[in-house]
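Student: Can you read through this structure? Questions will come right after.
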Amino acid sequence: MTVEIVLLAMVAVFAGLRLYAVLGRRTGHEQQPVLRPKTMASVDTPAPVQDLPAERFETNGLAYEKSAETGIRALIAADPSFDVARFLEGAQSAYRMILEAFWTGNRAELDELVDGEAQQAFEEAIAAREAEGLTLNNRLIAIDKAVIESVELSGRTAFVSVRFDADIAAVTRDRDGNVVAGSLSDAIETHDIWTFQRDLGSADPNWMLVETDAVA
């Protein structure tokens, strides 16, 4: 996405620039990333499926959608150490860390947290921003909701999609430090689904972000 800082076009690009400033370009289809226990289930002897609690909301207020129950059961069968509350706590940490790394252009940290098409999209967005001389002065105000939307298994690879509803204050500055979009006193409501991936047979307990999508 190329942003041209031209006075006459400022009004036309304002809305798009604010969205770009918050999350960068979307993809299509964690040191403290999504936290995972270090002990792994045996690949050859999966444990029986555990019963999920009748109440979908965990003690810390986090939840999974009813549509995700079947996937969660399958994931627990493949990896009995998987815990919904622990995963969501780690997912929120990853959400914050990834956004802050993107906003500051910290490629090294992004490399440790993001993979696949999402990594490429973040890199391209940072490069485009740098080429235009833009910098972001953003702040994550609050994560209002973090909910597991779906869980899929492809062999021993797990994909967990989490919906984040958050408030973000976003400011974009040009190379001279002038504000060209946004306000730190005017938070933007964002709604995103981030998909995390992990090879259940790997000794690495961390999950990687592989896809991001904006939702209504």
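The values are calculated or read from the model by the stated rules, or taken from the named source; none is laboratory data. As the structure is a prediction and not an experimental result, all values here were calculated from the model. Glycine gets a Cβ as well: all are built from the backbone with ideal geometry, and neighbour counts include every protein chain shown. When the accessible area is computed, the model is the full protein with side chains, heavy atoms only, and any ligands, DNA or RNA have been set aside. Shrake-Rupley method; radii C 1.70, N 1.55, O 1.52, S 1.80 Å.
Student: At 1.4 Å probe size, put Leu209, Leu184 in order of accessible surface, largest to smallest.
Tutor: Largest to smallest exposure gives the sequence Leu184, Leu209.
Student: Estimate the FRET efficiency between Asp213 and Thr104 by the formula 1/(1 + (r/R0)^6), using the beta-carbon distance for r and 30 Å for R0, to the nearest 0.05.
Tutor: The value I calculate is 0.85.
Student: Accessible area per residue of the stretch 126-216 at 1.4 Å probe, in Å²?
Tutor: That works out to 42 Å² for each residue.
Student: Quote the FRET efficiency, to the nearest 0.05, computed for Ala131 versus Glu152 with a Förster distance R0 of 41 Å and r equal to the Cβ-Cβ distance. All intermediate terms of the calculation are to be shown ahead of the outcome.
Tutor: On the way: r = 37 Å, r/R0 = 0.89.
The formula returns an efficiency of 0.65 here.
Student: Rounded to the nearest percent, how much of the accessible area of the stretch 122-181 (1.4 Å probe, protein heavy atoms only) is carbon and sulfur?
Tutor: 41 percent
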